[in-house]
Every structure is written in structure tokens, then in C-alpha cells.
Amino acid sequence: PPARPAVSVKRETFTPAPPPQFSPPPQAQPMPSLTSEQAKYLRMLETNNTREQKSAAQLMVKSNLRDIVVLDAVEKILLNGYKISGTDQDRNDTVDTMSWLCKALGASGNSKYRATLTKVASEAPNRKLKGYAEKSLNQR
């Protein structure tokens, strides 16, 4: 057989890609600072002390509070606590607190909380709490 002609192979030199440039992570948007009133209510609400939460709700109703930041916290606590359990005294304290939280949402006049009050009125295991949720729906 005839000899094959030599094939020239063009060799390319390997050039590694440049290392990626890491940019710092985007800065989180700063939280708008809370007013001293918001901070006071949130501090009272975020405790696990139902009496403290009840006091906060009573103050809100008395002062006709309409602050969305605080009311959103009230709504969250209400949704997490309206299906009451525990000992009789704990349950009574919780029912009382949850009832005041309903009143605070109702007194705000904000329709945003209507669905939450409706849910509590229909699903709460306690008759007293159901009643306060229903009354709070009509507080507007």
C-alpha cells in the first residue's frame, strides 16, 4: 500500500477562562425605621405573654390605631393563635387576648383584615371568640 502523507495537526494552546469576578451581594433594602409607637406595640405583641398582647390590643382600640405595620403583626398573631388549646386558665387568657386582637383589627376599619376576621368567626373552636370576631366584622 502507498504511504500516507503526514497530516499536520494544528495544536491549539489551552487558555483557561479568566476567573469570575465576584461582585458583593446586593445590599438588602433597609427596613423603614419604625416609629417609637410602632416599636412599642410590636414589642408588646411579639412577646409570648398573652396578657401583654391583650394590653397592646386594648391600647390600640382605645387609641383608634390604624397603623398597617402593627395591624399586620396583630393579624399574624391572631391567625397563629385562634385555634386555642392548653389548660383552662391558659385557654381563657388566650380567648380573651384573641378576642381583643379581633377588636383591634375590626376597629381599624381596614377591609384588608375582613378575610381574617371571617375565618376566625367561622373556624374558631371557642364560641366567645367566634362572637367577637363576628362583632369585629361589623365594627366599621
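For this structure, a couple of remarks:
- Residue list for region 99-114, restricted to those being exposed (fewer than 14 other Cβ atoms within 10 Å of the Cβ) and among the polar types (S, T, N, Q): S111
- So T87, is it of a type in the set (V, I, T), more than 19 Å from the chain's Cα centre (by Cα) and over 23 Å from L59 (Cβ atoms): yes
- Which listed residue is out of contact with any Pro (no Cβ under 8 Å at 6 or more places or on another chain), of a type outside the set (A, V, I, L, M, F, W, C) and not in a helix (DSSP H, G or I), from G131, G106, G86: G86
- Residue match in region 121-139 (condition: touching a helix residue (DSSP H, G or I) at 6+ places or on another chain (Cβ under 9 Å), free of Cβ contacts under 8 Å to residues at least 40 places away in the same chain and closer than 26 Å to L34 by Cα): no
Results for (1) touching an Asp or Glu at 6+ places or on another chain (Cβ under 6 Å); (2) surrounded by 14 or more Cβ atoms within 10 Å (Cβ to Cβ), shown as yes or no for each residue.
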{"position": "K40", "(1), (2)": "no, yes"}
{"position": "M44", "(1), (2)": "yes, yes"}
{"position": "A56", "(1), (2)": "no, yes"}
{"position": "T97", "(1), (2)": "no, yes"}
{"position": "T116", "(1), (2)": "yes, yes"}
{"position": "P125", "(1), (2)": "no, no"}
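- Across region 109-128, the qualifying residues are those that are outside any helix (DSSP H, G or I) and among the polar types (S, T, N, Q), and the one among them that is nearest to the chain's Cα centre (by Cα) is N110.
- Of all residues making up region 58-67, the number that are open to solvent by less than 80 Å² (accessible area, probe 1.4 Å) and assigned to a helix (DSSP H, G or I): 5
- Within region 68-95, the residues that satisfy the criterion of being open to solvent by less than 40 Å² (accessible area, probe 1.4 Å), in contact with a Ser or Thr (Cβ under 8 Å, 6 or more places away or on another chain) and at pLDDT 95 or above are L71, E75, L78.
The values are calculated or read from the model by the stated rules, or taken from the named source; none is laboratory data. Owing to the predicted nature of the structure, the values given are computational and were not obtained by experimental measurement. Here Cβ is always computed from backbone atoms with ideal geometry, including for glycine, and neighbour counts include all displayed protein chains. Accessible surface areas use protein heavy atoms only, side chains included; no ligands, DNA or RNA. Shrake-Rupley method; radii C 1.70, N 1.55, O 1.52, S 1.80 Å.
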